[in-house]
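The structure appears right after this line, and notes come after that.
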Amino acid sequence: MEYHPARWWSPGENQSVRCHLCPRRCLIAPGKRGYCGVRQNKAGKLFSLVYGTPAAMHNDPIEKKPLYHFLPGTQVFSVGTLGCNLGCLFCQNDTLSNTEPREEMDFRYFTPQDLVELALKYKSRSIAYTYNEPTVFAEYAVETARLAHEAGLKNIFVTNGFITIEAAKEIYPLIDAANFDMKGFSEEFYSSMCQGKLASVLESIKYFHSLGKHLELTNLVIPGKNDSPELIDAYLDWVAKNLGAAVPLHFSAYHPAFRFRSAPPTPPALLRQIAMRVVERGFHHVHLGNI
Ligand code: SF4
């Protein structure tokens, strides 16, 4: 396990540190880790435990991110680590997101330059920071993204958008396209199902959009939890007002997973019904996934 100096933190009392990377702003005592499990206070300084140690790497079709309107038909070199800064009960990828690095784990070290060279070797046009939440490995993503641009590659974030604006201001300018994962359009849903805050996510989506970057949004639709017509309409109202009707919208099927298994898998008919509503509301692009 590597200890790489972290950014976006400030010292607190008695050698504690305050992390400013995401809106959780964890206050971390010496020897302890933040909520995401991958940022640790060592003697009054904050370190990233996932810099250089990907837990997953693969060359994927870009449509798998999903991005349907950015470099279509190309391959994207995709990389992710351990850790996440949300606590979604229904996480569809908990083996990465909900696992913390441990000393006995055997990681192979890949520098940012190694990732860029692998992307070029496999003829990818871009690098995606994905699989787990890229915000929690932001130091690694930022260094890689800079080198990727120098090599003529694009950078893609597949993110939950739970990031502070101060960190986003240093990271998002390096990112060319993103898919933001919207969990459900209510504070109640974010708080009870994800231990997060919708308002922070909306703020970062608006900030990314204000930079003129390519943006697509994905909703995981959980029957009985975040699929009411009122919630979907409120979401579409917000997108229309803040991002415009040209932003591609994805709705994907949930499958019982991790700590939330009480809802049935999303029926394809429900997704089609939502898609009809999206089209009626005048949005240009709607895509359905996981069906
Ligand atoms: S990135 Fe991790 S350590 Fe930092 S505030 Fe968020 S959850 Fe806490």
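Taken over the stretch 4-48, the percentage of Cα pairs per 5 Å bin, counting from 0 up to the bin with the maximum distance, is 6, 31, 42, 19, 3. The three principal axes of the Cα atoms in the stretch 1-156 give end-to-end lengths of 52, 35, 30 Å, sorted in falling order. Sequentially through the stretch 253-263, phi angles give Karplus couplings (6.51, -1.76, 1.60; θ = phi - 60°) of 7, 8, 10, x, 7, 6, 9, 10, 10, 8, 9 Hz, Gly and Pro residues having no value and appearing as x.
Of the residues L120, T135, L215, the one whose Cα sits farthest towards the positive end of the charge dipole of the chain is T135 (charges of +1 on Lys and Arg Cβ, -1 on Asp and Glu Cβ, taken about the Cα centre). A crude spin-label estimate for the pair A29 and A245, with each label 7 Å from Cα along the Cβ direction, gives 5.6 nm. Taking label points 7 Å from Cα along the Cα-to-Cβ direction, Y68 and L270 give a separation of 2.0 nm. Each of V76, V142 was scored by other Cβ atoms within 10 Å of its Cβ. Listed from fewest to most, they are V142, V76. Just so you know, the averaged projected area of the alpha carbon convex hull for the stretch 19-107 sits at 7.4 nm². Where only DSSP H runs of four or more residues are counted, the chain gives -7500 deg cm²/dmol as its mean residue ellipticity at 222 nm, each run worth -39500 (n - 2.57).
Note on the chain: Rg/Rh from C-alpha atoms, Kirkwood Rh, equals 0.96.
All of the numbers you see were taken from the coordinates with simple rules; none came from a lab. Because the structure is a prediction, the values reported are computed rather than measured. Heads up, the Cβs are rebuilt from the backbone with ideal geometry, glycines too, and the neighbour counts pull from every protein chain shown.
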